[in-house]
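Any read-out appearing in this document is the output of simple, stated calculations on the displayed coordinates, not a laboratory observation. Just so it is clear, the model here is predicted, and its values are computed rather than measured. Here the Cβ positions follow ideal geometry from the backbone for every residue, glycine too, while neighbour counts run over all protein chains shown.
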Amino acid sequence: MRRNLVIGNWKMHGDIQRNQLLLEKIVDGLRELNHADYVVCVPNIYIFQARALLENTNIAWGGQNVNQFEEGAFTGAIAPHMLTDLGCTYVILGHSERRNLFFETNLTAAARFDAAIRAGLTPVFCVGETLEEHEAGLTEVIVASQMDAVMATLSDADFAKAMAVNMVFAYEPVWAIGTGKTATPQQAQSVHQFIRHRIARRNPDAAAKVRIIYGGSVKAHNAADLFAMPDVDGGLIGGASLLADEFIAICQAANSVASSTCLMELT
Ligand code: PEP
């Protein structure tokens, strides 16, 4: 059985004072929630602060992107070992904002995926279609091409490494990110199932284990219905991760869906 996973993506938000208040409230709110996993991905410059406040809690921290090279003349870039140096265990890759605003391609995202797993980081690889693609009925074509960019570059040894670090996929329809429009639970389930089948073509055991989380205007009021879908294993949360009460409520939804599934399996 897969544990739910909730990841907060702070994007380019925060300052030392606000971060401290937010993290302290989240630590407090999640302390007793032991049936799911929680992560916050903060701006690089605040990773030090996140580490200081999250060490010895049940919340992990991570980066929002990473470069594929280990070191060198890459002004402004962060290498995978720099994230692990600061205790990061997760890194978001291929986010649509990186693709659309910073012109990162499938190839770049795939190279970064490879670099991340080699460094022992858990990649959270984002896939998802734009509104035009959605309306043209191209969702599966686009998601397949984004996934294949990664899957096709992984040797069997690297695929095993990706499984060892518990790679995560995030289905994030671009039309739902920051727009207040959410995919219905049924829409999310259908794409998540498609993603799982795609992984199963490579390795059925891996497909059963991989966590596929949903992102796109997840809020406290819609989280439980999304997380109740059989192939939705939690959420990647943007805007709502900056509001302690909202984020805690989303984590509570993930925690209780997971625990009720546990009970069902035991009875
Ligand atoms: C995101 O940026 O990954 C995201 C899902 O944002 P939001 O929750 O604000 O739609």
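What the table below lists for this structure:
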{"quantity": "Mean Cβ count within 10 Å, highest first, over the residues of peptides 237-250, 210-223", "calculated": "210-223, 237-250"}
{"quantity": "Helical mean residue ellipticity (222 nm; -39500 (n - 2.57) per DSSP H run of 4+; nearest 500) of the chain", "calculated": "-14500 deg cm²/dmol"}
{"quantity": "Cα-centred dipole magnitude for the chain, charges only on beta-carbon of K, R (+1) and D, E (-1), debye, nearest 20", "calculated": "200"}
{"quantity": "For the chain: relative contact order, % (alpha-carbon pairs under 8 angstrom, 6 or more apart)", "calculated": "22"}
{"quantity": "In the stretch 4-266, lysine pairs closer than 25 Å at Cα, eight or more apart or cross-chain", "calculated": "6"}
{"quantity": "Compactness index (Cα Rg / 2.2 N^0.38 Å), the chain", "calculated": "0.94"}
{"quantity": "Alpha-carbon radius of gyration plus Dmax, which is the widest Cα pair, for the stretch 61-192 in Å", "calculated": "15.0, 46"}
